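Below is one structure, written out as structure tokens, with a few remarks after it.
The values are calculated or read from the model by the stated rules, or taken from the named source; none is laboratory data. Please read all numbers here as calculations on a predicted model, not as lab measurements. Cβ placement follows ideal geometry from the backbone for every residue including glycine, while neighbour counts extend to all protein chains displayed.
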């Protein structure tokens, strides 16, 4: 690992930038007014490292690009079709020349200091390849920001990151692609996001491959980002959104897990979400129960051969 870390550090130092610059990549699909507000938060002096912003629009049918306008320093790439997140992010990354790439969802607002804190941590820890922040909602309540690769930890223990957010920094298995910062040379060496993941769990997969290459992933609590909660995903998938998230997780375990991991995930997930659906039903929360029963159905019907088929292929 030490040799790989040293090589990455030397490559980053040879980039034509006197300081560690950041190129921000935002994949947009019908982001409405969120896209313009997100970029406004990036350009309002919240961090001095951002030098370029690339927006990849996945054939939006709303007015998000019109509302964005043509702000200085922003490059817009119109994909012409919905590439999904992974392919869209890779397309945007190819247009970046900064030493660091920040993948950012349009339904976020960068809080003061978040980018600088994340960049400083990445620079100070050469063994770390990816950094994520603590995600919060509009009221400041913590959101899931990181997770585990192990099936039981992933399904049953990840809520600890919500109930007890870390102080300082914590090494984790993976961070959410809502805000994901990493050296460009590492991203390129890993081959970018796996485009066979259309949407959901491509962030897990990238962190998994980074760890396999000898790099750690960190959640830095002092870097905080407001997240409004997967608006594009909900718009695209509707009542099936939660089920699509779980399908993405099963694709990950089918692709990267050891023998038996997918089967274990299926059993634990069916048990967990069946119990939740029953509780929602008894509480009279019909909408939540309906969404959760769809997750159970997705777990039951998932076929491994379809593990990396794009959601809208």
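Numbers for the structure displayed
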quantity: Residue in segment 87-98 that is modelled with pLDDT under 95, closer than 30 Å to residue 167 by Cα and either assigned to a loop (DSSP other than H, G, I, E, B) or within 17 Å of the chain's Cα centre (by Cα) (or both) present; calculated: yes
quantity: Helices (runs of 4 or more DSSP H) fully within segment 128-234 counting 1 or more residues that are closer than 27 Å to residue 271 by Cα, at pLDDT 85 or above and not assigned by TED's automatic domain parsing to the domain that holds residue 273; calculated: 202-212
quantity: Output for segment 241-264, where each listed residue is surrounded by fewer than 18 Cβ atoms within 10 Å (Cβ to Cβ) and either free of Cβ contacts under 8 Å to residues at least 24 places away in the same chain or not in a helix (DSSP H, G or I) (or both); calculated: 258, 259, 260, 263
quantity: Residue within segment 287-302 that is at pLDDT below 90 and either in the same structural domain as residue 83 (by TED's automatic domain parsing) or more than 25 Å from the chain's Cα centre (by Cα) (or both) present; calculated: yes
quantity: Elements of type helices (runs of 4 or more DSSP H) in segment 1-82, at least 2 residues being in the same structural domain as residue 102 (by TED's automatic domain parsing), within 28 Å of residue 129 (Cα to Cα) and modelled with pLDDT of 75 or more; calculated: 34-42
quantity: Yes/no for residue 259 being touching a strand residue (DSSP E or B) at 6+ places or on another chain (Cβ under 9 Å) and either at pLDDT 90 or above or closer than 25 Å to residue 173 by Cα (or both); calculated: no
